1. Report, in listed order, any pair from Lys5/Lys52; Lys86/Lys111; Lys52/Lys86; Lys5/Lys88 with a Cα-Cα distance greater than 29 Å.
2. Could I have the simple spin-label model distance between Ser87 and Asn100, label points 7 Å from Cα toward Cβ, reported in nm to one decimal?
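Since every read-out is calculated from the coordinates, none of them should be taken as a lab result. Treat the numbers as computed from the prediction; the structure is a model and nothing was measured. With ideal geometry, Cβ positions are generated from the backbone for all residues, glycine too; neighbour counts draw on all protein chains shown.
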Amino acid sequence: MAHEKIILDVNSGELTLKNTNFIQFYEDNLDLLSEIVLENPTALRILLWLVKYMDNRGALVTSQVAICDALSIHRNTVSNAVSYLKSKKAIAVLKSGTTNIYAINEQIAWKETADKKKFAHFSAKVYLAGSEQDIEYQRSMFGHVTQKISKNKFRKFQTSKTSNSSNENK
């Protein structure tokens, strides 16, 4: 896959080569990333996932459930890893109501030109987990969707079904 894109300046007619799908990691923070991989590998997985999906200004709006679903890890593990990353100042977690906005430290990883850093953390991509959406939304977006039934609800259903059939036999 080519990582460069040719851009045409419509005013001058000049062609320039621009990097696309490009993330820069700063050399002076590679020691921190090495420390994270040794101390908390799950935290590094989460950090790299956030970096992969962050917008050009270093932010991503998502929930911990979406992170859990994407990485197949438990919510407590995500919560602990996010706390760890915050303590290392690798990320900040901003809030808008109950919404999490994960802001990656722009001195660790960045996707834009350096002059855009003053706008870091103020625009974001949104990553949603399908499992967090109501069933009507899931059906409209994904076609036929069946709602998962929890083990407890299934047990209650089985118990009520058994007791109903035994009452009918009397």
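1. Lys5/Lys88
2. A separation of 1.7 nm, rounded to one decimal place.
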